[in-house]
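Everything on this sheet refers to the single structure shown next.
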Amino acid sequence: MNLNSLIIKNFTRNLKNYALYIFALVFSVALFFSLLTLTFDEKAGEEISQSTAMNALFSVGSVVIVIIIIFFVMFANLIFIKRRHRELALYQLIGMNKSKVFRILLVENFIIYFGSLVLGIILGFFISRLLLMILMKIIGVDLMVEMSFSMVAALTTAGVFVFIFICLLIQNRIFLGRHQLIDLLKLNKVSESSQRPIGVTTALFGILGIVMVAVGYFLSSQMFDMAMEMPVLLPILMLGILFLTIVGTYLIFKCGVALILNFFRKRKAGHVNVKDVLSTTSIMFKMRSNAFLLTIITVITAISITAMSLSYINFYSTEKMLESTEPYDYTVETSEDIDFYEDMLNDEGYSISRYEKEFLLFNVQMDNQMETNLASQDIEGIQYPIVSDADFEGYDVSENEVYATGTMAILDFFTDLEAGTPMTFTTTEGFEKTVQVSKVYSEAVLPTRLTFGMPTLVVDDKVYKELMENEVVSEIDAERPTELAAFNIVEGDNEDVLEMMDKEENPAFSSQQMSYNEMIQTSGILMFVLGYLGFAFLLTSGCILYFKQIDECESEKGSYQVLRKLGFTNNEILRGLVNKMVISFGIPLFIGLLHSIFAVRSGWFIFGVEMWRPTLLVMLIYTILYSIFALMSLLYYKKTVSKSL
Amino acid sequence: MLLKATNIKKSYGNKFNRTEVLKGIDLNLKKGEFVTIMGASGSGKTTLLNVLSSIDKVTSGHIYIDNFDFTTLKDKELADFRKKDLGFIFQEYNLLDTLTVKENIMLPLSIRSMSKSEAENQFETIASQLGISDLKNKYPSQISGGQAQRTSAARAFIHQPKIIFADEPTGALDSKSASDLLKKLQQLNENLNTSVLMVTHDATAASFSHRVVFLKDGLVYTSLSRGDMSQDDYYSEILDTQRVLGGVLDESK
């Protein structure tokens with residue numbers, strides 16, 4: 001038997017062990033390749049008006065994916081080479097020198113790696129077509145997805161993976177070089193960390209970790225309030241929060257978890273049962289030695305869930321945002337423009353309903369207004385657009401009330417427009433009138449281009465007239481529009497109408513439909529790329545945890561055997577292992593989710609109008625997919641336990 | 001008779017390629033008796049111990065403990081039976097290295113409805129007899145081999161089983177620790193009146209027991225009782241029998 005036939009034999013025998021590794025590799029290649037294919041897809045680029053943004057996002061996305069893949073593949077490789085230490089030792093024992101052993105690994109890796117590469121590119125090709133269809137669906141563009149294979153993408157993928165392959169070879173070489181024969185033979189016997197009782201330092205650091213995370217959370221909920229007062233603080237705060245939560249997370253894994261589990265253990269005073277043996281006591285030590293890895297996984301989980309939630313909030317809120325920014329199908333500049341379009345549309349069989357209203361701008365002071373906000377303009381108050389309830393259907397305001405419309409969540413930081421707060425209309429000439437805010441709507445009566453983003457106040461017609469009489473128009477204000485000219489299409493707006501109106505020679509207008517298309521494309525692409533990256537993160541971190549569990553399972557085999565010899569049944573042991581899975585997978589997930597809830601909470605209002613529903617949906621999906629890996633690990637444990645006796 | 005095994009046979013392999021390891025062994029063990037099984041490598045002594053201790057199943061034959069035949073029990077019932085009535089000491093200590101010494105010892109009590117103070121008492125008694133009370137909060141990686149094996153012995157005794165099975169308990173120990181351990185085993189055997197069945201190929205270890213059963217190629221070759229002999233004489237008897245049993249005599253025939 002020569003070396004080559006040995007390699008082949010060995011490889012086919014080992015194939016089962018490699019199954020998941022190969023699966024993960026194929027999938028990473030497929031993910032990367034399909035993202036690249038989308039980037040290079042010219043057809044899609046032409047259809048999407050935001051294609052430059054798309055390309056930029058896709059390129060950033062693929063770089064991130066490469067980094068994840070490198071990290072993941074090298075980690076998996078290390079676990080697999082460690083698992084085979086006995087075999088490697090045997091080769092050396094029978095007189096093979098290290099470079100020959102290295103050659104065996106090289107050939108094996110080569111087969112696995114490039115086999116996966118080819119498979120991955122084929123799979124990626126189909127995935128990319130599927131993804132393109134999904135993307136087009138999300139952003140609402142009609143496009144026949146064609147079967148075009150991008151050579152550039154294939155070559156780039158191959159190039160990147162050759163680079164990763166070289167990294168792996170270097171890693172294997174270092175592993176072989178560093179370990180003497182005797183180490184390889186013994187590797188299994190040394191446990192990952194020597195078990196020692198938990199000391200005072202551990203306890204202190206554990207508590208410190210928990211405190212750091214708590215402070216980070218607290219700061220994150222105060223961040224924007226504080227930054228309002230001193231904008232300089234914002235980047236410092238952000239960095240501070242990141243630092244606190246990441247280091248805190250690390251300390252929690254390194255010491256905190258052990259501390260908490262040890263507390264429960266101490267309370268049992270030695271009376272442990274088999275469940276504790278398999279879960280708490282073993283995890284206590286395992287988490288400590290895996291603290292770094294777990295921190296990375298947790299932080300990545302938190303980042304990707306946050307990013308996905310925010311982008312989904314953004315996407316989810318598009319329609320609602322439009323209600324507060326573009327309340328009418330079309331807004332034009334003057335009544336003549338409406339006439340123009342009415343003639344044009346009537347010829348085509350469409351009728352329109354016209355909205356021609358006036359409004360005024362008035363200084364408003366609010367008693368509980370945060371004085372520091374917009375400090376430069378204070379004393380005089382803020383100018384709000386005011387309309388009369390007689391002009392707008394569905395509003396009936398009494399004399400001492402005012403309704404606020406078109407308020408977006410982000411405005412909460414500038415104003416305190418809440419039901420029940422009094423507000424006073426003032427002029428420089430001493431006029432004052434106080435009314436009470438009684439209702440707050442996110443829908444708008446005036447489009448943002450007329451209000452400059454301020455909420456519009458609806459008042460009773462009498463109040464409106466009173467205000468109009470007392471209005472003092474300063475020179476700057478005279479430039480601002482005070483008339484609304486807009487119309488809705490009675491039959492309902494559609495793309496045909498928009499296309500008809502959207503000509504160079506026609507008067508300018510802003511269209512709800514057009515804004516919608518633009519917004520949905522930007523937020524759709526963003527959501528798509530982030531969802532894609534999130535999926536890649538999920539897949540790799542899940543696989544890493546799974547590999548780690550397999551590794552632990554192999555090294556704990558002896559314990560299961562002892563327990564079964566002592567008379568514990570399969571089921572009793574498995575129940576303990578279920579606990580172990582819940583804790584090992586649950587803690588990183590739980591901390592990750594908690595991090596992202598606080599992260600989302602601190603800044604969601606910039607992205608949309610609703611936080612909980614989209615965020616919880618993202619988290620739910622993530623948790624379900626993530627649990628699959630815990631389940632797979634449990635099955636592996638189950639197999640090992642029943643075979644152990 | 002506490003343990004009674006009749007015509008035990010055990011073979012491995014498939015229909016076409018069978019190796020018979022135990023070829024029909026009869027063995028008895030009285031309450032409070034300390035019996036050693038000796039034999040060359042491959043004579044089937046560890047297989048016999050595994051079968052008698054219900055870790056492995058017999059191919060044919062019956063094993064009675066307190067007149068109850070456990071060879072017909074299912075896996076789960078067997079596990080319960082082991083938990084309740086049997087104790088184990090292994091060559092490689094087999095302590096769980098994430099548990100402290102105390103937790104390792106208390107493990108078999110966890111499935112019993114025993115009050116905490118009662119369990120605590122039990123632990124103190126056994127631990128002080130074996131001289132490991134001071135180690136109770138240490139982890140297995142922090143103690144010596146001899147201490148680890150005494151911990152393992154404490155674990156085997158703590159739930160007051162009917163029989164202790166010990167597979168080469170001194171195999172990994174130096175001679176001082178080995179004789180320490182065996183003395184303790186002997187003491188516990190006498191004090192608690194617990195039967196011990198030990199497998200070893202070390203004549204010194206065997207000389208601590210009441211009776212030695214010699215196996216050869218899957219059959220009982222002979223057996224030797226200490227009776228009133230001094231330990232020294234008993235030791236030389238064992239050595240002699242071992243020499244007869246060994247391959248040298250066969251060749252000279």
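The values are calculated or read from the model by the stated rules, or taken from the named source; none is laboratory data. None of these values were measured; they are calculated from a predicted model. Backbone-built Cβ (ideal geometry, glycine too); neighbour counts: all protein chains shown.
Entry remark, region A:278-300: residues being away from chain B (no Cβ under 14 Å) and among the small types (Gly, Ala, Ser) number 1 in total.
Scanning region B:72-116 for residues that are among the aliphatic types (A, V, I, L, M), out of contact with any helix residue (DSSP H, G or I) (no Cβ under 7 Å at 6 or more places or on another chain) and assigned to a loop (DSSP other than H, G, I, E, B) yields a single hit, B:Met114.
Scanning for something facing chain A (nearest Cβ under 9 Å) and out of contact with any Asp or Glu (no Cβ under 8 Å at 6 or more places or on another chain), does region B:36-53 turn up at least one residue? Yes, there is a match, as at least one residue in region B:36-53 is facing chain A (nearest Cβ under 9 Å) and out of contact with any Asp or Glu (no Cβ under 8 Å at 6 or more places or on another chain).
Taken over region A:556-606, the criterion of being within 13 Å of chain B (Cβ to nearest Cβ) and either touching a His at 6+ places or on another chain (Cβ under 9 Å) or aliphatic (A, V, I, L, M) (or both) is satisfied by A:Val562, A:Leu563, A:Leu566, A:Ile573, A:Leu574. When B:Ala119 is tested against (1) of a type outside the set (Phe, Trp, Tyr); (2) facing chain A (nearest Cβ under 7 Å); (3) part of a loop (DSSP other than H, G, I, E, B), just one condition goes unmet, and that condition is (3).
For region B:142-161, the candidate set comprises residues that are part of a loop (DSSP other than H, G, I, E, B) and under 20 Å from B:Gln91 (Cα atoms); within that set, the residue that is farthest from the other protein chains (Cβ to nearest Cβ) is B:Ser144.
Scanning region B:88-99 turns up one or more residues that are buried (at least 18 other Cβ atoms within 10 Å of the Cβ), facing chain A (nearest Cβ under 7 Å), of a type in the set (S, T, N, Q) and under 15 Å from A:Asp276 (Cβ atoms). Looking across region A:452-490, the residues that are part of a helix (DSSP H, G or I) and modelled with pLDDT of 75 or more come down to A:Asp461, A:Lys462, A:Val463, A:Tyr464, A:Lys465, A:Glu466, A:Leu467, A:Met468, A:Glu469, A:Asn470.
Residues of region B:127-135 include at least one that is in contact (Cβ under 8 Å) with a residue 60 or more places away in the chain and either at the interface with chain A (Cβ under 10 Å from one of its Cβ atoms) or within 23 Å of B:Val196 (Cα to Cα) (or both).
Of the residues in region A:535-552, at least one is within 14 Å of chain B (Cβ to nearest Cβ) and in contact (Cβ under 8 Å) with a residue 12 or more places away in the chain. For A:Gly608, indicate whether it is in contact (Cβ under 8 Å) with a residue 24 or more places away in the chain, surrounded by 21 or more Cβ atoms within 10 Å (Cβ to Cβ) and not in a helix (DSSP H, G or I). Criteria met by A:Gly608. Only residues that are surrounded by fewer than 17 Cβ atoms within 10 Å (Cβ to Cβ) and aliphatic (A, V, I, L, M) were counted across region A:212-244, and they come to 11. Just to be sure before I move on: is B:Leu107 at the interface with another protein chain (Cβ under 8 Å from one of its Cβ atoms) and in contact with a strand residue (DSSP E or B) (Cβ under 9 Å, 6 or more places away or on another chain) in the structure I sent? Judged against the criteria, B:Leu107 is not a match. For region B:38-49, does any single residue satisfy the condition of being within 18 Å of the chain's Cα centre (by Cα), surrounded by fewer than 17 Cβ atoms within 10 Å (Cβ to Cβ), of a type in the set (S, T, N, Q) and at pLDDT below 90? The answer is yes; a qualifying residue exists.
Checked against (1) within 8 Å of another protein chain (Cβ to nearest Cβ); (2) of a type in the set (Phe, Trp, Tyr); (3) under 25 Å from B:Glu190 (Cβ atoms), B:Tyr139 meets all criteria but (3). B:Ile111 - would you say it is closer than 30 Å to B:Ala5 by Cα, aliphatic (A, V, I, L, M) and either without any contact (Cβ under 8 Å) to a residue 60 or more places away in the chain or surrounded by fewer than 23 Cβ atoms within 10 Å (Cβ to Cβ) (or both)? Spelling it out, B:Ile111 is indeed closer than 30 Å to B:Ala5 by Cα, aliphatic (A, V, I, L, M) and either without any contact (Cβ under 8 Å) to a residue 60 or more places away in the chain or surrounded by fewer than 23 Cβ atoms within 10 Å (Cβ to Cβ) (or both). Within region A:631-645, the only residue that satisfies the criterion of being free of Cβ contacts under 8 Å to residues at least 24 places away in the same chain and either surrounded by 15 or more Cβ atoms within 10 Å (Cβ to Cβ) or within 14 Å of chain B (Cβ to nearest Cβ) (or both) is A:Lys643. Check region A:500-509 and report whether any residue there is within 26 Å of A:Tyr312 (Cβ to Cβ) and either in a helix (DSSP H, G or I) or assigned by TED's automatic domain parsing to the domain that holds A:Thr39 (or both). So far as region A:500-509 goes, no, none of its residues is within 26 Å of A:Tyr312 (Cβ to Cβ) and either in a helix (DSSP H, G or I) or assigned by TED's automatic domain parsing to the domain that holds A:Thr39 (or both).
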